[in-house]
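In what follows, a structure is listed as structure tokens, so that the remarks can point back to it.
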Amino acid sequence: MNSSTTHLIRCLQQIHKVIGKANEILAGISQPSVCREVLLSAPGTAYIWGLSEIYQISRRLRDAVSARKLTSELISQTLHEVDLAWNNLLSFLVFGHSAFQALVPSGNLDPVLHQGLFYHVSCANFWLNCVDSTLPRES
């Protein structure tokens, strides 16, 4: 595997880990009414919004894989696992599609320049906080 593929897989695995942890947390709430109250609170809404932003990173990575015609069983499997974890998380959001749509970030996709390379702010933030303390240097 080249370094781009390795970075991609590492990022996707961390996305899966973060969304999986959210599933564990929400599954630990035994009462649906309490889960609803938590998710509709200001911190709960911010948490779900952040998770949605992280999932959107995986969607951008999926698009990049497709555009660059990268083929790897591990990439495909990890993308599938992220989708499964996200769909499981959606099952906790039973308070209505319109309420959930308000939580999905529209996101500013304008890239920022860092050391001669452009990065999406959300992607760079996730990478630095959850994957590695140094941004990848691929062009």
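The values are calculated or read from the model by the stated rules, or taken from the named source; none is laboratory data. No experiment lies behind these values; they were computed from the predicted model shown. Here Cβ is always computed from backbone atoms with ideal geometry, including for glycine, and neighbour counts include all displayed protein chains. All accessible areas refer to the heavy atoms of the entire protein, side chains included, with ligands and DNA or RNA removed. Shrake-Rupley method; radii C 1.70, N 1.55, O 1.52, S 1.80 Å.
Scanning region 106-121 finds no residues that are assigned to a helix (DSSP H, G or I) and either surrounded by 16 or more Cβ atoms within 10 Å (Cβ to Cβ) or modelled with pLDDT of 85 or more (or both).
Every test in (1) of a type in the set (A, V, I, L, M, F, W, C); (2) more than 13 Å from Cys11 (Cβ to Cβ); (3) at pLDDT 85 or above is passed by Val94 save one, and that test is (3).
In the list Arg36, Arg62, which residue meets the criterion of being more than 18 Å from the chain's Cα centre (by Cα) and surrounded by 14 or more Cβ atoms within 10 Å (Cβ to Cβ)?
The unique qualifying residue is Arg36.
Determine whether Pro32 is at pLDDT 90 or above and over 19 Å from His16 (Cα atoms). No; evaluated as a whole, the condition is false for this residue.
Restricting attention to region 38-59, the residues that are among the hydroxyl-bearing types (Ser, Thr, Tyr), within 16 Å of Lys21 (Cβ to Cβ) and in contact with a Leu (Cβ under 7 Å, 6 or more places away or on another chain) total 2.
Restricting attention to region 1-24, the residues that are open to solvent by 80 Å² or more (accessible area, probe 1.4 Å) and aliphatic (A, V, I, L, M) total 1.
Filter region 122-139 down to the residues that are surrounded by fewer than 17 Cβ atoms within 10 Å (Cβ to Cβ) and at pLDDT 80 or above and list them by number.
Asn125, Leu128, Asn129, Cys130, Asp132, Ser133, Thr134, Leu135, listed by residue number.
So, of the residues in region 69-82 that are without any contact (Cβ under 8 Å) to a residue 12 or more places away in the chain and in contact with a helix residue (DSSP H, G or I) (Cβ under 9 Å, 6 or more places away or on another chain), which turns out to be least open to solvent (accessible area, probe 1.4 Å)? So the residue we want is Ser76.
In this structure, is Glu53 open to solvent by 80 Å² or more (accessible area, probe 1.4 Å) and at pLDDT 90 or above? No.
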